[in-house]
1. Hey, any hits in segment 5-25 for a residue that's touching an Asp or Glu at 6+ places or on another chain (Cβ under 8 Å) and at pLDDT 90 or above?
2. Going through Leu136, Leu114 one at a time, which residue ends up being more than 25 Å from Pro6 (Cβ to Cβ), modelled with pLDDT of 95 or more, out of contact with any Pro (no Cβ under 8 Å at 6 or more places or on another chain) and surrounded by fewer than 16 Cβ atoms within 10 Å (Cβ to Cβ)?
3. Could you list, in sequence order, all residues of segment 1-32 that are of a type in the set (Val, Ile, Thr) and surrounded by fewer than 14 Cβ atoms within 10 Å (Cβ to Cβ)?
4. Suppose the filter is within 21 Å of Thr84 (Cα to Cα), surrounded by fewer than 18 Cβ atoms within 10 Å (Cβ to Cβ) and not acidic (Asp, Glu); does Pro49 pass it?
5. Take the residues in segment 33-46 that are free of Cβ contacts under 8 Å to residues at least 60 places away in the same chain and touching a strand residue (DSSP E or B) at 6+ places or on another chain (Cβ under 8 Å); name whichever of them is surrounded by the fewest Cβ atoms within 10 Å (Cβ to Cβ).
6. Is there any pair linking a residue in segment 66-84 that is farther than 23 Å from Arg43 by Cβ to one that is at pLDDT below 80 and surrounded by fewer than 13 Cβ atoms within 10 Å (Cβ to Cβ), with Cβ under 6 Å and at least six apart or on different chains, and which?
7. Restricted to segment 1-16, and to residues that are polar (S, T, N, Q) and not in a helix (DSSP H, G or I), which residue is nearest to Leu82 (Cα to Cα)?
8. Filter segment 24-52 down to residues that are hydrophobic (A, V, I, L, M, F, W, C) and in contact with a Lys or Arg (Cβ under 8 Å, 6 or more places away or on another chain), then give me how many there are.
Amino acid sequence: MPTERPSPEQRQFARNLRGQLTDCERLLWRQLRNRGLAGFKFRRQHPCPPYVLDFYCAELRLVVELDGGQHFDEAGLAKDRLRTAYLQHHGLEVLRFSNLDVIRNLEGVLTEILSCIDTRPPSPQPSPQGGEGAGLRQPDHLLMQTVQSKRGE
């Protein structure tokens, strides 16, 4: 992942995009959200200056991009090649699917993502399970021991 941090404007732009998902993005997001695909956490519309990634799994350093019609003319293909090369240069794996792939063959798209996951080693510094603050709460059996010891039981 590039080391440049997103500016407040880039974060706001990504936030706005999250509120305006295309139908295809929404369809795929339903499958990826809440660790729905092989237990890996994906983010949607993730800022990665100078780009905003459609879907990103930090643990696997995996980017999933959905391409609409504007990506298939010569200018769009050239931009996509530059973007992919930039992301790969920073150690990210990039998978691209057309919107049509998602609509007509969602299972095939998910199978291809799973295939990539199977061949991709997890990043040495994965996100904590459960997000921010994970691991701060004591396991229930320790919590019960603490409560019981305070009661004198």
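The values are calculated or read from the model by the stated rules, or taken from the named source; none is laboratory data. Owing to the predicted nature of the structure, the values given are computational and were not obtained by experimental measurement. Using ideal geometry, Cβ is built from the backbone for each residue, glycine included, and neighbour counts are taken over all protein chains shown.
1. yes
2. Details: Leu136 fails: modelled with pLDDT of 95 or more.
Every option except Leu114 fails the conditions.
3. Thr3
4. Working: within 21 Å of Thr84 (Cα to Cα): yes; surrounded by fewer than 18 Cβ atoms within 10 Å (Cβ to Cβ): yes; not acidic (Asp, Glu): yes.
Yes.
5. So in segment 33-46, the residues free of Cβ contacts under 8 Å to residues at least 60 places away in the same chain come out as 33-36, 39, 42-46.
Okay, now just the ones that are also touching a strand residue (DSSP E or B) at 6+ places or on another chain (Cβ under 8 Å), so 33, 42-46.
On the way: Arg33: 14, Phe42: 25, Arg43: 18, Arg44: 20, Gln45: 20, His46: 20.
Ranking the candidates gives Arg33 first.
6. So the pair list comes out as Gly76/Gln70.
7. Here the residue is Thr3.
8. Qualifying residue count, segment 24-52: 3.
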